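Working notes, structure below.
The values are calculated or read from the model by the stated rules, or taken from the named source; none is laboratory data. Because the structure is predicted, anything quoted here is derived from the model rather than measured. Please note: Cβ atoms are built from the backbone with ideal geometry, for glycine as well, and neighbour counts cover all protein chains shown. For accessibility, only protein heavy atoms count, side chains too; no ligands or nucleic acids. Shrake-Rupley method; radii C 1.70, N 1.55, O 1.52, S 1.80 Å.
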Amino acid sequence: MGRRLRVFLRWGLEGRLWTFSLIFAFCFLWEILARLQVGSFFFWDFMVPPSKSLATFYSLLTQPPYQEYDILYHSGTTLWRAGVALMGGVLVAVPVGFALGWWRALDAVFTPLFEFLRPTPSLIFFPILILLFGTGSVSKIMASLIAVSFVMVINSLYGVKSTDSVLINSLRTMGASNADILRKAVLYSALPHIASGIRVSIGASILVIVSTEMIQGKEGLGFVIYFALDRLQFDHMWSGILATLLVGAGAVYLWQYVEKKVLKWHFETTARA
Amino acid sequence: MGGLISIREVTKTFGAKTEGLLALRAVSLEIAQGELISLVGPSGCGKSTLLNLVAGLLTPTSGEILIEGKRVSGVPENIGMVFQQYSKTLLPWRTVYENIGLGLELKGMRGKERRPIVEDYIDFMGLSGFERKKPYELSGGMQQRVALARTLSYKPSILLMDEPFASVDAQTREVLQEDILRIREKERQTVLFVTHDIREAIYLGDRAVVMSARPGRIKGVFDVNIRRGRRDPAVKATAEFNSLAEQVWGLIKDEVLDSLRAKRD
């Protein structure tokens, strides 16, 4: 334990220190160039100095002037929409992926379909979803849920297929039924794949929700960014962008923490070499 | 006493019957209750295929396998199998204790009833103190002992071992060989032990069955009288042991050369 802590302090913390230094250096350069208005004046109108955006971000957090700029509220909206889409997508897609991975006939018919749909941006369905579910949260969540489902079906499908055949055979020799094998081996073997699917899906769900908010509606971070753009309030726009970055990074970071805790056995067996 | 396992004219082809790979050709073998048979032969001679057929994991293309007079179709109830890739047969998300309990769990035994039996085999296999460890925290030899304990715990009357020691180091192998003889003495199971190590085959087996290169056939059966009833690694140094090893090697040598040639094609 002591050794691991020392290694973390040496590399983990130092690595992170470098990352932050790099971001800081970038912002610092940006700040100076913006203040000096190097080159085109027009460019620096929307590439607002970071310090100004940060100040606006802080004021929007603490004392939003009106509902449209209540960044905490809109972050909450985007977050819950993405959260529901993520959970819904996982709940729908994992059983589907398991079924496809387990029954060869289903696999042969449906997997190519999902492989074909996976790179398709699920936003193309958004107009239809608006017609079906209206202009509220449901259509946005559905668009995001579809995106999540495509990722999760494929990932859980490969998770099931990755179960070692020697393991399955050894369970069979102990008299395991198919249900036993599914419950005691396949489920666990698929978990790391499902977990990494969720990691990807967190980004995908936020991406789609924010996009739909940009297209239509009066709530969410996507709306805030476009609302500010329409009013040419670029520091407000950057505040929205920053909030989106923080929401996404926070969610992924949280998930990675959970993943490492829950799948300790997986990381210990794969990272040892 | 009749053979507990009888293998009758078993042929196994993988893939299409006409152009498939012929793995075994007309293999017949009678194995008596409590006998330890070692199957030895060059790699790719179908030893493992034969074992998988007895385990009901594969079905013969023709011929039949009977266990206690009953034709094998599906996995027989009273078998236990130990694999060469033992580390893949252990569940990394379970502790050693939970892994050993898996066999009994699958047979439908409750946790409370399992406990004394599992503890018994933890003790018997020298795994005390490792109960709460995960398999990947153990050495290869210890992992194989976990797999053995798991298989023994539900007391199968037939033990099938598919090159169980092929991926452990030489010293560990010697220790595990003694484990096998110790297990044998305690439980008197019928054991079918696949190995490519001639000396191991002679040391462990009551009979050593030599198989030919693909398609696998039985080329010779050696009665090994050297060790019967005793358990003493010293026999490995005797002239009798060495001459027997020479005889078996004489039979296998050509097969190994054949299989080498086959691989080059």
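The mean accessible area for residues of the stretch B:85-155, using a 1.4 Å probe and ignoring ligands and nucleic acids, is 42 Å² per residue.
Per residue, the solvent-accessible area of chain A (1.4 Å probe, heavy atoms of protein chains only, all protein chains present) comes to 56 Å².
Here the gap between B:Lys155 and B:Val235, fully extended at 0.36 nm per residue and compared with their Cα-Cα distance, gives a gain of 25.9 nm. Heavy atoms only, probe 1.4 Å: what % of the accessible area of the stretch B:85-155 goes to carbon and sulfur, would you let me know? So the carbon and sulfur contribution to the accessible surface is 46 percent. Between A:Leu91 and B:Glu30, the C-beta separation translates, for a Förster distance of 45 Å, into a calculated FRET efficiency of about 0.20. Across the alpha-carbon atoms of the stretch A:62-272, the computed radius of gyration and Dmax are 20.2, 70 angstrom.
Remark on the stretch A:147-195: accessible area falls by at least 50 square angstrom from chain-alone to full-complex state for A:Val166, A:Leu167, A:Thr173, A:Met174, A:Lys184, probe 1.4 angstrom.
Note on B:Glu178 and A:Arg231: their simple-model spin labels are 8.3 nm apart, each label 7 Å out from Cα toward Cβ.
Among the protein heavy atoms of chain A, carbon and sulfur supply 72% of the accessible surface, probe 1.4 Å, non-protein parts ignored. Loop-resident chymotrypsin sites (Phe, Trp or Tyr not before Pro) (DSSP state other than H, G, I, E or B) in the stretch A:26-133 with no more than 12 further Cβ atoms inside 10 Å of their Cβ: A:Tyr66, A:Trp103.
Spin-label model, A:Ala55/A:Phe43: points 7 Å from Cα along the beta carbon direction are separated by 2.4 nm.
Mind ordering B:132-140, B:117-125 by average Cβ neighbours within 10 Å, highest first?
Per-residue mean Cβ counts within 10 Å order the peptides as B:117-125, B:132-140.
Karplus-based coupling profile of the stretch B:129-136, in residue order and whole Hz: x, 10, 3, 8, 7, 8, x, 6, with θ = phi - 60° in 6.51 cos²θ - 1.76 cosθ + 1.60 and x standing for Gly or Pro. When each full DSSP H helix of chain A is screened for a Cα extent of at least 27 Å along its own axis and an average Kyte-Doolittle hydropathy of at least 0.0, the helices passing are A:14-36, A:71-102, A:137-161, A:187-215, A:234-262. Given R₀ = 56 Å, FRET efficiency for A:Tyr73-A:Glu268 by Cβ-Cβ distance, to 0.05? The value I calculate is 0.85. Between A and B, buried accessible area from a 1.4 angstrom probe totals roughly 2000 Å², ignoring ligands, DNA and RNA.
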